[in-house]
Amino acid sequence: MPPSLSSLRKKKLIVFDLDGTLARTKSDLEPSMSRALNALLREKSVAVIGGGTYAQFRKQLIAELRCPTPLLSGLFLFPTTATSFYRYRSGWWRRIYGFELSARERRSIKKAFRDVLREIGYVPPKKLYGRVIEDRRTQVTFSALGQDVVRMLGDRGVRLKEKWTRKNTPLKLKIARMVQKRLPDLEVHAAGFTSIDVTRKGIDKEYGIRQIGKHLRVPIKDMLFVGDAIFPGGNDYAAVKTGVDYVKVSGPRETEKIIKKLLSTPSPHRRRR
């Protein structure tokens, strides 16, 4: 049974996935979402977790949030699937921790991708936009169209990613399974529309939720997780293993509706500590 509206409003910390939940894939936050998050931050603490880098979080989320500085103390960033954690202190976004893969591990991951793609006779798209295999230090990510497709093409890039995933999701899952067999000591996730992430063993959204609880000292019973890929095989699905209450959304528009339901009043007021 899904949690009731009254129980949701009692949650102290709202945890959001980024891509597909707060914003379209690799796209900037929309003004309406910025307004919704500003209102929510006046009432509750907010954490954002996703597979993108800290730089990507800054571009997609922080730069577009246009949030009053005092509210930033209630916003917590967990990039690259919570392998790093940033919080706002004394006028700066400060890294609290970062668990990087070793240089040897990163080389092994890149080789595994190359070997698998060669073995299956993978034919890449005729046009690529940026690196296909990106070393993010805390994780290594394969992106079928290149890391920069949305940055370079905007909405057209989003449509290309959506088209690719409709046609090629079984292929992406096959690549992920084959890479996982070659990297038994690491974790492989079929993430996002066109991406496959590799992290240290045990690094997934379940790990992320537990890290959030540990570092923010918020019990899981006081959290709500909101994500678009809460289904078997989806990169948000691992979060539910923690027992956290959750809401599955179809995209940013539905997320905005959920945020409005979480607010105690239509107009924003001071966030509870």
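The values are calculated or read from the model by the stated rules, or taken from the named source; none is laboratory data. Worth saying up front: this structure is predicted, and the values here are computed from it rather than measured. Every residue, glycine among them, receives a Cβ derived from its backbone with ideal geometry; neighbour counts consider all protein chains shown.
List of remarks:
- The range 108-123 residues that are aromatic (F, W, Y), paired with ones that are surrounded by 12 or more Cβ atoms within 10 Å (Cβ to Cβ) and not in a helix (DSSP H, G or I) (beta carbon under 7 Å, 6 or more apart): F113/I133; F113/F142
- Qualifying residues in the range 45-66 (those that are buried (at least 21 other Cβ atoms within 10 Å of the Cβ) and not aliphatic (A, V, I, L, M)) - the one farthest from G157 (Cα to Cα): S45
- Complete set of residues in the range 84-113 that are loosely packed, with under 11 Cβ neighbours inside 10 Å and assigned to a helix (DSSP H, G or I): A103, R104
- Residue list for the range 124-147, restricted to those being in contact (Cβ under 8 Å) with a residue 24 or more places away in the chain, among the polar types (S, T, N, Q) and part of a loop (DSSP other than H, G, I, E, B): T138, Q139
- Qualifying residue in the range 17-38 (condition: touching a Ser or Thr at 6+ places or on another chain (Cβ under 8 Å), of a type in the set (A, V, I, L, M, F, W, C), touching a residue at least 60 places away in the same chain (Cβ under 8 Å) and part of a strand (DSSP E or B)): no
- G121 meets each of the listed conditions (1) in a helix (DSSP H, G or I); (2) more than 22 Å from the chain's Cα centre (by Cα); (3) not aliphatic (A, V, I, L, M) apart from (1).
- When L72 is tested against the conditions (1) under 27 Å from Y237 (Cβ atoms); (2) modelled with pLDDT of 95 or more, the lone failure is (1).
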